[in-house]
Number of protein chains: 2
Amino acid sequence: MNHDLLLANVAKHITLTDEEKAYFISLLNVKKLRKKQYLNQEGDIAKGPSFVNSGILRSYSLDKNGYEHVIQFAPPGWWIGDMASMIKQEPGKLYVDALEDSEVIWIWKADLDKLFVEVPKFERFFRILAENSVATYQSRLVNYLSLPAIERYAGFCKQYPSLIQKLPQKQVASYIGVTPEFLSKMLNNTVI
Amino acid sequence: MNHDLLLANVAKHITLTDEEKAYFISLLNVKKLRKKQYLNQEGDIAKGPSFVNSGILRSYSLDKNGYEHVIQFAPPGWWIGDMASMIKQEPGKLYVDALEDSEVIWIWKADLDKLFVEVPKFERFFRILAENSVATYQSRLVNYLSLPAIERYAGFCKQYPSLIQKLPQKQVASYIGVTPEFLSKMLNNTVI
DNA sequence: CGGGACACTTAACCTACATTAAGTTTTTGC
DNA sequence: GCAAAAACTTAATGTAGGTTAAGTGTCCCG
């Protein structure tokens with residue numbers, strides 16, 4: 001297993017000594033996921049934050065009619081998880097699964113709390129991560145509340161051009177909050 | 001001006017020495033807002049995080065038809081701001097204003113960055129704040145994508161019982177993502 | 001290389017919620 | 001204390017997007 005992508009991600013915001021790096025690595029776990037395999041199911045308690053090393057993961061909720069609603073996609077270099085479940089260590093409402101064969105690096109929440117004490121720089125790293133995440137969710141909510149579906153689609157294409165190539169259309173439909181049928185209709189009626 | 005509420009808020013997650021407290025307080029600014037007065041307008045660069053000491057603030061976006069969409073309410077003891085604008089120090093998309101006469105304590109982003117270096121405990125405090133915020137936005141998005149309006153209203157009442165008392169109905173309508181007319185109709189057709 | 005799952009499309013019909021507009025009640029500022 | 005603004009209601013009409021269903025294409029994997 002290879003931690004280079006994760007270490008590069010960490011190095012964007014904090015600088016570690018070799019010793020700190022080694023300690024950090026000693027706390028990491030690796031999991032390989034087959035396409036469609038779950039990392040987390042509704043009702044599970046999230047173990048801790050997960051970093052995508054290869055593949056693509058997504059988190060989603062399931063409504064009472066059985067429809068999926070994608071909350072986040074995570075290509076390589078991204079973090080994913082059910083934050084409410086992780087913080088409170090309570091059963092969560094989200095599913096996390098792999099859209100293709102993937103490799104995930106993750107850390108137990110308890111080990112992360114230890115890491116924060118041993119190497120306080122990591123407080124900074126995860127603060128910055130969480131702040132960026134807040135900014136993303138704020139703007140997602142703004143888009144959702146104030147733009148029609150076609151503009152949310154255009155926004156997604158602009159913001160994640162590489163994901164558009166890789167994802168099945170129905171996953172994108174779910175992310176922007178419409179049915180696959182409606183997205184298909186939109187795309188065939190509209191010149192973007 | 002009185003920092004007790006803010007210091008109590010900080011003390012929930014980290015413990016400060018008197019000296020650290022004094023330094024923190026030395027960085028704080030206070031602003032009194034009249035009802036309807038803006039703390040931030042679209043296009044402004046957010047100065048830094050703001051803590052509500054009294055009153056109620058809200059953040060919202062304005063769509064191209066002139067409709068407001070409430071992103072967050074902040075009663076006393078809550079933090080509010082346009083996170084994307086604050087992080088990138090770029091003009092933002094959100095308005096922040098006071099729904100009643102209010103008092104806000106805020107800190108310049110540059111001073112906050114200094115504080116993180118001088119008193120690293122604050123990294124932890126703001127990490128926890130941001131993580132809780134992520135959890136809230138995740139669950140808000142789940143609700144928005146998977147529940148009908150009447151259940152989002154019921155959820156709001158359950159989660160923020162004290163706010164329901166104080167807020168005009170049209171503000172709640174905007175938060176749950178419907179028009180005031182539709183919320184009015186729902187409430188008069190439905191026994192909750 | 002064949003069959004079954006999965007992705008995408010089309011189309012008819014449906015509904016939750018928006019828009020517009022007018023009227024009533026409550027709050028606010030001077 | 002009164003006029004004006006803001007909040008709330010009601011109702012007729014409109015529409016973005018959902019639902020259902022059937023058909024076509026495609027890609028696995030055995």
Practice problem: Rounded to the nearest 10 degrees, what's the angle between the helix A:180-189 long axis and the longest principal axis of chain A, both from Cα atoms, 0 to 90? | Solution: 60
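Expressed as a whole percentage, what fraction of the accessible surface of the protein assembly as shown belongs to carbon and sulfur atoms when a 1.4 Å probe is rolled over the protein heavy atoms? Don't skip to the end; give the middle numbers.
Numbers: 9920 of 19070 Å².
That fraction is 52 percent.
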Exercise. Please name which of A:V172, A:V119, B:V10 has its Cα lying farthest along the dipole of the protein assembly as shown towards the positive end, using unit charges on Cβ (Lys, Arg +1; Asp, Glu -1) and the Cα centre as origin.
Key: A:V172
Quiz item: Here are some pairs, A:K36/B:K88; A:K21/B:K12; A:K21/B:K93; A:K36/A:K185; B:K31/B:K114; A:K88/B:K185; which of them have Cα atoms lying more than 29 Å apart in this structure?
Solution: A:K36/B:K88; A:K21/B:K12; A:K21/B:K93; A:K88/B:K185
Self-check item: Accessible area (Å², per residue) of the range B:4-115, counting only protein heavy atoms and a probe of 1.4 Å
Solution: 49
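Let me check I've understood the local charge: for B:Y67, count other residues with C-beta under 13 angstrom from its C-beta, Lys and Arg +1, Asp and Glu -1. What total comes out?
Values: positive: B:K64, B:K170; negative: B:D63, B:E68, B:E181.
Residues near B:Y67 contribute -1 overall.
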Quiz item: Under a point-charge model restricted to the Cβ atoms of Lys and Arg (+1) and Asp and Glu (-1), what is the dipole moment magnitude of the protein assembly as shown relative to its Cα centre, in debye to the nearest 20?
Solution: 820
Quiz item: Which angle between 0 and 90 degrees, to the nearest 10, do you get for helix B:121-146 versus the longest principal axis of chain B when only C-alpha atoms count?
Solution: 10
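Starting from the Cα gyration tensor of the range B:1-92, multiply each eigenvalue by 5, take the square root, and state the resulting semi-axes largest first in whole Å. Kindly include the intermediate steps, with their values, before the conclusion.
Values: eigenvalues 154, 43, 27 Å².
In descending order, the three semi-axes are 28, 15, 12 Å.
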Practice problem: Have a look at the range B:65-82 and report residues whose accessible surface goes down by 30 Å² or more when the remaining protein chains are included, against the chain on its own, probe 1.4 Å, ligands and DNA/RNA excluded. | Solution: B:H69, B:I71
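Per DSSP H run of at least 4 residues, take -39500 (n - 2.57); add these up for the protein assembly as shown, divide by its residues and hand me the 222 nm value, nearest 500 deg cm²/dmol.
On the way: 18 runs with 188 residues, N = 384.
Dividing the helical sum by the residues of the protein assembly as shown leaves -14500 deg cm²/dmol.
Give, as a single signed number, the net charge of other residues whose beta carbon lies under 14 Å from the beta carbon of B:S50, with Lys and Arg counted +1 and Asp and Glu -1. Numbers along the way, then the final one.
Working: positive: B:K31, B:K32, B:K47, B:R58, B:K109; negative: B:D44, B:D82, B:D97, B:E103, B:D111.
Once positives and negatives cancel, what remains is 0.
For the range A:78-143, which chymotrypsin sites (Phe, Trp or Tyr not before Pro) pass both filters: DSSP loop (anything but H, G, I, E, B) and at most 10 other C-beta atoms within 10 Å? Can you show the working numbers first?
Working: sites: A:W78, A:W79, A:Y95, A:W106, A:W108, A:F116, A:F122, A:F125, A:F126, A:Y137; in loops: A:W78, A:W108.
Here no chymotrypsin sites (Phe, Trp or Tyr not before Pro) fit, given the DSSP loop and packing criteria.
Report the full-extension gain for the segment A:S54 to A:N188: residue separation times 0.36 nm, less the Cα-Cα distance, to one decimal in nm. Write out the running numbers ahead of the final one.
Details: separation 134, 0.36 × 134 = 48.24 nm, distance 3.27 nm.
That works out to 45.0 nm of additional length.
Quick one: buried accessible area between A and B, total over both chains, 1.4 angstrom probe, nearest 100 Å²? Please list the in-between numbers first.
On the way: alone 11250 and 11240 Å², together 19070 Å².
Answer for the A-B pair: about 3400 Å² buried.
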Self-check item: Helix B:149-159 axis, angle to chain B major axis (alpha carbon atoms, nearest 10°)
Solution: 40
Self-check item: chain A: most fluctuating residue of A:L112, A:L28, A:L147 per GNM, C-alpha cutoff 10 Å
Solution: A:L147
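The values are calculated or read from the model by the stated rules, or taken from the named source; none is laboratory data. Just so it is clear, the model here is predicted, and its values are computed rather than measured. Please note: Cβ atoms are built from the backbone with ideal geometry, for glycine as well, and neighbour counts cover all protein chains shown. SASA here: full protein model, heavy atoms, side chains in, ligands and nucleic acids out. Shrake-Rupley method; radii C 1.70, N 1.55, O 1.52, S 1.80 Å.
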